[in-house]
1. Work out the charge dipole of the chain with +1 on the Cβ of Lys and Arg and -1 on the Cβ of Asp and Glu about the Cα centre, then indicate which of Leu348, His214, Leu103 is farthest towards its positive end.
2. If DNA, RNA and ligands are ignored and the probe is 1.4 Å, what is the ranking of Thr38, Thr157, Thr62, Thr18 by accessible area, most exposed first?
3. How much FRET efficiency would the formula 1/(1 + (r/R0)^6) give for Arg338 and Glu386, where r is the Cβ-Cβ distance and R0 is 25 Å, rounded to 0.05?
4. Normalising by the residue count of the chain, find the relative contact order in percent from Cα pairs under 8 Å and 6+ residues apart.
5. How large is Rg/Rh for the stretch 169-264, to two decimals, with Cα atoms and a Kirkwood Rh?
6. If you find the alpha carbon centre of the stretch 83-116 and of the stretch 228-264, how far apart are they in angstrom?
7. Using the beta-carbon distance between Glu324 and Ala224 and R0 = 22 Å, what value does 1/(1 + (r/R0)^6) give for FRET efficiency, to the nearest 0.05?
8. Starting from the Cα of Glu90, step 7 Å along the direction of its Cβ; do the same at His183; then give the gap between the two resulting points in nm.
Amino acid sequence: MADPNHQATSLPHGDFTTILASEGVEFLLSGEGKVPLTSFDNEKNICLFFSANWCRPCKTFTPKLVQIYNTLRTQDKELEIVFISSDHDEEGFNAHFKSMSWLAVPFNVNLHKKLRERFQVARIPLLVTFNPNGQSVEDEDLIGLIEDYGEEAFPFTRKRREELKAIDDSKRQGGKIDQLLAHQGRDYVVSRDGGKILVSELVGKTIGLYFAAHWCPPCRAFTAQLLEAYKQLMSSRGGCFEVILVSTDRDQEEFDVNVSGMPWLALPFEDRTRQDLCRIFNIKAIPALLLIGPDGRPISTNGKSIITLYGAKAFPFTQSSIEEIEATLKKEGDSLPRQIQDSKHEHLLKLDMARAYVCDYCKQPGRFWAFSCYACDYDLHPSCVEETC
């Protein structure tokens, strides 16, 4: 990946074509042939793209950049990208350039080395940007900026980064669920049968944004816990609670399989809002459950732990509701003996806080307090105890 500490402030300022001409370059390459430097349009925003065919992060990032470049060109944005290769031979250069829709500096190992030194390229992929005045644009980690925001990052300046972060902050704290989940081109979420539910119908509900993927075993395990709590809340609380899947599946097929086993709603797989929410709420690992209150503001980023520990009892998932549950549990625990000798079991059973278990006597699931045998993994509901005389 690109070096996030790369500083464009140290780059030489000046006309891009002048820099190339000083190194003996007379033309650039396009997919259709040679483009003389004299016809190169310096009035555009220019991005120098340092990359190589042998570099795995480069090959991962390049298709994303191609998509963004093509989108911006259709929007008549003043942008040109020039590929400067770090490949070891012309075969690698040609293979990599074939996947691009922009220009390239002709393959020349010595020339490319000089350009890397001139622009202080320590790692690839790397983008160096010049504005229409020929000055280098000051920003750190343009690769990361583009991966995070796509074409919205244009013109790839520090000012634009600050604007986008301010928009993220507003969405995160603004209390408007429609701004989080919808945009101008889509005002709905989808159900597993393909139905469309307007985001406006979710206003005023407690929402769980569930970040998960079908390929992830921990996600599948937590989905079962969330499903249990969801069904209980649907039956006891009606329409006060809804879950929205924010998929991190690898493709549409995986997404379809994932959604088919879930009774709740989802963001469409093809929609970029999925990636935007991961960025806005700094989701680094899955499964993750972000809880949003009826006022549209985040309640907790740790919904997974809340559901795992307390299930549906924790609704509406506020700090006060959690404290109330814990106080009730403490009171229940204080009323129970520390240990018992049950007539159904040979060993001494000790009071234990077991978040979820199956009673070995009645075979029904239990939660919270249990009498447990550490010698043979035996658990008993407090209500199933038959103490010996």
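1. Leu348
2. Ranking Thr38, Thr157, Thr62, Thr18 by accessible area, largest first, yields Thr38, Thr18, Thr157, Thr62.
3. Given R0 = 25 Å and the Cβ-Cβ separation, E is 0.90.
4. 12
5. Result: Rg/Rh = 0.96.
6. 47
7. 0.30
8. Computed distance between label sites Glu90 and His183 equals 4.3 nm.
The values are calculated or read from the model by the stated rules, or taken from the named source; none is laboratory data. Quick caveat: nothing in here was measured; it's all calculated off a predicted structure. As a convention, Cβ positions derive from the backbone with ideal geometry for all residues, glycine included, and neighbour counts pool all protein chains shown. Protein only, heavy atoms only, side chains kept; ligands, DNA and RNA dropped before computing areas. Shrake-Rupley method; radii C 1.70, N 1.55, O 1.52, S 1.80 Å.
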